[in-house]
Each structure stands twice: as C-alpha cells, then as structure tokens.
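Contents: one structure, followed by commentary.
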Amino acid sequence: MKSLNKSIRWGIIGCGDVTEIKSGPPYQQIPGFELKAVMRRTLSKAKDYASRHGVEEYYDDAKALIDHPEIDAIYIATPPDSHHQYALQVAEAGKICCIEKPLAPSYAQSTAIVEAFETRNIPLFVAYYRRTLPRFVQLKKWLDDNEIGEVRHINWNLSSPPSEVDLSKSYNWRTDVKVAPGGYFDDLASHGLDLFVYLLGDISEIQGISLNQQGLYEAKDAITACWLHQNGITGTGSWNFGTASREEQVHIYGSKGKITFSVFAEDAPIVLDTEEGKHELSVAHPRHIQHHHVAAMQEQLLTGKLHPSTGMTAAHTSWVMDKVLGKI
C-alpha cells in the first residue's frame, strides 16, 4: 500500500446511478482524494460518465482498473452479488477498498471479504453512510448523554406499496433472489439495522419470519423480526412491500423519554420527547449524501481516526440480515 502522505487516487467499479450525486463527487471534492478512473461493463457508458465528471480514465474491464499501477484505492459500487468477486481481487492487489452496502448477499461471503483484507492489513470500508450523517450523529449524542434515560426498546416499521416495476413484473436486481434474497429488505432494512447497531451496540440474538405474500417476484416481500442488543435493549421490526401506503418510523423508548425519527425521510425531524417537553430538530442531509462517509475515510487514512463503518461492522450487519431471513 502506498504512502498516505500524498493524494489517494481512487477508481470506481460500477459508476451507475448511486455514484452520480450520492457518492461519486465526494471522491473528487475531499482534500487528499482524487478520482482517477471509472469502470462500467458498457464502455460507452463509462466514457460518458468520465466525460461528464471530469475523470481522466475509463474502462469496461474491472480487473484492468484494479491492477492499474496508479490506482491506490477502489470503490465497488456494483449490485451486491458481485461484491465478493471484486473485493477479493482488490484485496489481492493490496489496495484500499470501500464497498457499497450490503457488504455481500450473505454472511459467509461477508466474512470471507473481511478476512481477505484483515490478512493483508488493508483498510476496508463499507458505505453504511448513515453512521456519519449529522442527523444520526445527533441521535447518538442524545443517547450517549442519557437524554431518555436507560434505553429499553427500539421499534421500526417500514411499509410501502409495490412499485410499477414490481406490478409489471419487469426485471429488477433489487428483487432478484440471486442478487438480493430478501428483496427490498436487503437494500433498505440493512441501512436501518446497521444504524441501530451504531446507536445501541451489537445485536446478540435475533430471529425473524420472512415470506413472499404478493408473488410479484421471487425474493421475500414481508418480514418481521425481534432481537436483543448485547446491553439488554430489545428490538422489533416489520417490513412489508405490498401495503396500500408508505409508512416509516422508528421509536426508541427509554426510562425517561422517547426518541422518534425516520431512517429514510429526509424532511422528517428527529424528535426528543421527555418530561421536560418535546424537542424537534431538523438536520438536513448534504447534497452528496455520502460526503461525511468519504470524509471520514480520508480522516482515517490520513490521521488514523477510525471510521465507524468498516468491514467488521458491516459483516455483523450481514449476520443480522441472514438470521432474520433464516439463512443461518
């Protein structure tokens, strides 16, 4: 791995929609980082992305980008079923890596990825960026400051109607059982469950019920779960992707109050409700929602301050997801 006294040159594998605004620009904007090359399977699309974003090089071959001698770090932004393959290649090349969430479609693949980087002592990050968003950092401060006393329980409900793509039964990798066995649960619930671990600590026990109620695709579309954090906090959750309307809210109950918030609704305030009154706080997301996540990677690589979302923490989330779906 190169000396980190100089700019770290990144390459992106899979420069699709998520990299346009959410994640790609910070790799160009954060001091000490440089986006040098991008890759897509279709060369013309890679060229178009590079042209629009001012990126020097583009490829349609992931291995060529990974092995590029002037690339120091790789951001894997492809669908989850390819994360394992690409991650092992990046580890073999000895390069820093950030992988989109979830880390992999299974806990087994996730642990294999983590071991590959740990064996070589190479930094591995995972884009569970809510751990670094100011809104959720504020929630953690409330909890750490005991604003609601001893935390007792957390509950999350997420439900939404089927999309037009679902109803048409057109292909969608997010509901392809080979890519995402839990369907939208894999894509969405992983964000929240990972966030809860960040806020409340590791989960020691969890079990769930999962099934497909609608028959619109093969992946699961109705899931419930209950769990126990290592510190004795209990949790429950329900996720259904075939309801009449969308609802999404989290409640954290304590001995002296309650915190209410949304994992996904950007315009919803975070609410602290105690005997002293109700306090609502609106904390806007940055335009490039992964900005703080990428900045925290730069901080670890250049100063040594540990990033909150690593391969190890993401593997724990993969274990949680697999337990809910009854895969382990």
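Computed over protein heavy atoms with a 1.4 Å probe, the accessible surface of the chain works out to 44 Å² per residue.
Exceedance of the 27 Å cut-off in Cα-Cα distance is limited, within the set Lys101/Lys141; Lys36/Lys305; Lys101/Lys169; Lys63/Lys305; Lys45/Lys178, to Lys63/Lys305. Principal-axis analysis of the Cα atoms of the chain puts helix 134-144 at an angle of about 50° to the longest axis. Backbone phi angles across segment 242-252, fed through the Karplus curve with coefficients 6.51, -1.76 and 1.60 (θ = phi - 60°), yield HN-Hα couplings of x, 8, 6, 9, 8, 9, 7, 7, 10, 10, 10 Hz in residue order; Gly and Pro are listed as x. Structure remark: mean-square fluctuation, Gaussian network model of the chain, C-alpha springs under 10 Å; the largest value among Gly201, Gly304, Gly257 belongs to Gly304. Comparing mean-square fluctuations of Gly94, Gly242, Gly54 from a GNM of the chain with C-alpha springs under 10 Å, the top value falls on Gly54. On the chain, 48 percent of the accessible area sits on carbon and sulfur atoms, based on a 1.4 Å probe. By its C-alpha gyration tensor, with a ≥ b ≥ c as the square roots of the eigenvalues, how is segment 13-91 shaped: rounded for a/c under 1.5, else prolate for a/b larger than b/c, else oblate? In terms of gyration-tensor shape, rounded. The string of couplings for segment 8-18 from the Karplus curve (6.51, -1.76, 1.60, θ = phi - 60°) is 8, 9, 9, x, 10, 9, x, 7, x, 4, 4 Hz, one whole number per residue in order, with x for Gly and Pro.
Antiparallel beta bridges, as assigned by DSSP with both residues in the chain, represent about 60 percent of the total such bridges.
Taking every alpha-carbon pair under 8 Å whose residues sit at least 6 apart, segment 212-257 reaches a relative contact order of 28 percent.
Taking trypsin sites (Lys or Arg not before Pro) as exposed when their DSSP state is a loop state and no more than 16 other Cβ atoms lie within 10 Å, the longest site-free interval of the chain runs over 42-168. Across segment 99-108, coupling constants 3J(HN,Hα) worked out from phi with the 6.51/-1.76/1.60 Karplus curve, θ = phi - 60°, read 10, 4, 7, x, 3, 6, x, 9, 5, 4 Hz, and Gly and Pro carry x.
The values are calculated or read from the model by the stated rules, or taken from the named source; none is laboratory data. Computed from a prediction, not measured in an experiment: that's the story for all the values here. Methodologically, a virtual Cβ is constructed for each residue, glycine included, from the backbone with ideal geometry; neighbour enumeration extends over all protein chains shown. Side chains included, ligands, DNA and RNA excluded: accessible areas come from the protein's heavy atoms. Shrake-Rupley method; radii C 1.70, N 1.55, O 1.52, S 1.80 Å.
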